[in-house]
Amino acid sequence: KLLGDGVLMVFPDPADALRASVEIAASMLAEGLPATHAGIHAGPIIDRDGDVFGSTVNIAARIGARAVAGEILVTDELRTLVGEVDVEFEPVGETELKGVSRPMVLFRAIRRQG
């Protein structure tokens with residue numbers, strides 16, 4: 001779903017969401033386009049009339065808003081679910097997010113070189 005100059009993507013597999021985000025970010029830079037940023041969370045969503053809703057969507061949006069250009073931030077839940085991927089996770093720590101009752105533990109996802 002297009003959201004102004006942003007995109008909301010939904011994946012059935014959290015590892016695919018992470019891989020796609022990392023590849024898109026790398027491709028944008030390789031093409032000389034501006035650096036992207038992303039926020040990724042995993043959990044249940046409500047899919048209605050071609051749109052998605054729910055706390056998982058809201059948390060991902062809040063995390064994405066905190067990410068700076070070139071940064072992909074993910075929740076601990078996502079990091080735990082993806083298993084072995086070609087990404088390293090750098091701890092960011094507990095982060096308060098608007099509209100979220102508890103602090104979220106975030107990690108910066110960094111593509112492994114090589």
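The values are calculated or read from the model by the stated rules, or taken from the named source; none is laboratory data. What you see is a predicted model; the values in this text were computed from it and never measured. Cβ atoms come from the backbone with ideal geometry, glycine included; neighbour counts cover every protein chain shown. The area values use the complete protein model at the heavy-atom level, side chains included, leaving out ligands, DNA and RNA. Shrake-Rupley method; radii C 1.70, N 1.55, O 1.52, S 1.80 Å.
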Ranked highest first by the average count of other Cβ atoms within 10 Å around their residues, in what order do 72-78, 57-63 fall?
72-78, 57-63
Measure off 7 Å from each Cα along the Cα-to-Cβ vector at Val10 and Ile24, then give the distance between these two points in nanometres to one decimal.
1.5 nm
Helix-only CD estimate at 222 nm, as mean residue ellipticity for the chain, using -39500 (n - 2.57) per DSSP H run (n ≥ 4):
-10000 deg cm²/dmol
Summing +1 for each Lys or Arg and -1 for each Asp or Glu, what net charge is found among the other residues whose Cβ lies under 9 Å from the Cβ of Val85?
0
Dipole magnitude of region 56-114 about its Cα centre (Cβ charges: Lys, Arg +1; Asp, Glu -1), debye to nearest 20
240 debye
Among Thr56, Ser27, Val87, whose Cα lies farthest out toward the positive end of the dipole of region 14-88, if unit charges sit on the beta carbon of Lys, Arg (+1) and Asp, Glu (-1)?
Thr56
Whole-number D in µm² s⁻¹ for the chain, Kirkwood Cα-pair radius fed into Stokes-Einstein, 37 °C, 0.692 mPa s:
227 µm²/s
Using a simple charge model, +1 on the beta-carbon of Lys and Arg, -1 on the beta-carbon of Asp and Glu, nothing else, what dipole does region 36-87 show about its Cα centre, in debye to the nearest 20?
220 debye
Express the accessible area of the chain per residue in Å², computed with a 1.4 Å probe while the remaining protein chains stay in the model.
63 Å²
Express the carbon and sulfur contribution to the solvent-accessible surface of the chain as a percent, rounded to the nearest whole number, probe 1.4 angstrom.
53 percent
